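Encoded as structure tokens, the structure appears first; notes follow it.
No value in this document is a laboratory result; all are computed from the given coordinates. Remember, it's a predicted structure, so these values are computed and weren't measured experimentally. Backbone-built Cβ (ideal geometry, glycine too); neighbour counts: all protein chains shown.
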Amino acid sequence: MPSTAFDSFYLKDRYGSAAMRAIWEDRAMIQRWLDVEAALAAVEADLKIVPRAAARDIARRARVELLDLPAMKRDFDASWNPVMPLVDALRRVLRPASARWVHWGATSKNIMDTATALQIKDSYAVVLAEIDAIAEILAILAVRHRDTLMAGRTHGQHALPITFGYKVAVWLDELIRQRERLLESRRRVLVGEFGGAVGTLASLGRKGLRVQEKLMRRLGLGAPLVPAKTAGDRFAEFFILLAMLSATLGKIAQNIYNLQQTDVDEVTEFVEGKVGSSAMPHKLNPVASGSVVLLGGHGGDVRQRRVLVDGEGVVLPDDADLVAVHLPDLIEGRTDPPAERSLEVGELDDRDRGAGRPPGGGNDGPGREDRPRPRPRPGARDLARRGGAQGVVPGRGRCPPRGPAPAQPAAAGRGPGLPQLARPGHRVRGPGGGGPPGRATGSAAPALRAAQWRRGRRRC
């Protein structure tokens, strides 16, 4: 029975991809060990170290489906050596004349490290393809929203206007640098390891270095300048770069997550079929970006970790695939502003911090603990989403009630009028709203309600 989210049939696709699992699952790993053993025998046959017939027999029978894997597992549990059970299992399916030539001149670490380099080589292809897919989507969004205004923020506060396209271009620029680092690292990382028992290749005599060179060329890997079983910096570089990539993707997802808060509501990741809450149909929980944030190591503070509870306990970026696999779906056309509308200055609509969404706590609250939880009415989620996007107040339709406009008091220290910073999809017309610079005091809610009233009267 699976014991972690990574091998759970139900959850595993939230934490990785089928492509990466196909590279690193047990059978694939064992097959890579066999590939190295078969290539070694073939090279040694070319150099007349082992018989040609034995090398052909080894290549033909070095298939994971031919081995007794349960017996290998039992032998490994007894021996604590992962490769010796493989060698014994392969010898059992070979002719006796061929079996003695398996693993000739090699040691366990040679086989494992070289096989790992092959797996990392395959992983590069998957990760780079995912980066390219994300970069293509970001480039499209940057161009599409090059003129879409939004508030630029520093220290979490409104600063000066920027465009959403500029924000996306910043993400794209950093992602391109991560891609370049990965590409540049391949010549150092994708190097095999073959030096015999202690790195001297003594068992192969004068042909040792030639075996090493031809073996790596046959496997499509680089040959080490000096054979060394203890050097781990090559693999370490790859995983450090994956951690950096995970941090970049986690930062992008954190931005998307923050911009979906009800009080900000500048982008949305929601598409048809996604469900935010089983109890509250108006909820649009940003679970996709939240999962990427957590996997990228950016679920830092206690409040966010409490929110991202269904991904908790998986904070390791030990494989950038965990993060990159979700981001294309998250941003592909789904970080567009929820409503592409233009408002004049003085008509900024903050959606009343939840206008069009049911008040109260869904099925929870005092006196409701023992009541059955009814299923949401058909179409309730769709109505709530459309209501939120259009600023509809439940039970009132789209038009405000008849009567005078609400009062719009001026904020202290500033002239009358609303702030001139607009959210994505809003155009600002004209200069700032007058008055000396300074921090406004009091609430902006009356001014916002007045703007909503004026906008609604014209629409009706």
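In which sequence would MET150, MET112 go, from the one with the fewest C-beta neighbours within 10 Å to the one with the most?
Lowest count first: MET112, MET150.
What distance in nm separates the simple spin-label points at THR4 and GLU65, each placed 7 Å from Cα in the Cβ direction?
Distance between label points: 2.8 nm.
Find, to one decimal place in angstroms, the Kirkwood hydrodynamic radius of the range 17-104, where the mean of 1/r is taken over every pair of different Cα atoms and then inverted.
Every distinct Cα pair counted, the radius reaches 13.4 Å.
Based on the mean of other Cβ atoms within 10 Å per residue, sort peptides 13-20, 65-72 so the most packed one is first.
Listed from highest to lowest mean packing, they are 13-20, 65-72.
Going by average Cβ neighbours within 10 Å, how do the peptides 283-291, 201-209 rank, with the highest at the top?
283-291, 201-209
Convert each backbone phi in the range 74-83 into a coupling constant with the Karplus relation 6.51 cos²θ - 1.76 cosθ + 1.60 (shift: θ = phi - 60°), then list the ³J(HN,Hα) values in order as whole Hz, x for Gly and Pro.
Once θ is set to phi - 60°, the couplings for the range 74-83 become 5, 5, 5, 4, 7, 8, 6, 10, x, 8 Hz.
How far is the Cα center of the range 77-126 from the Cα center of the range 238-294, in Å?
What the calculation gives is 42 Å, centre to centre.
So for the range 75-215, what are the equivalent ellipsoid semi-axes in whole Å, largest first, each being the square root of 5 times an eigenvalue of the Cα gyration tensor?
The equivalent ellipsoid of the range 75-215 has semi-axes of 53, 16, 14 Å.
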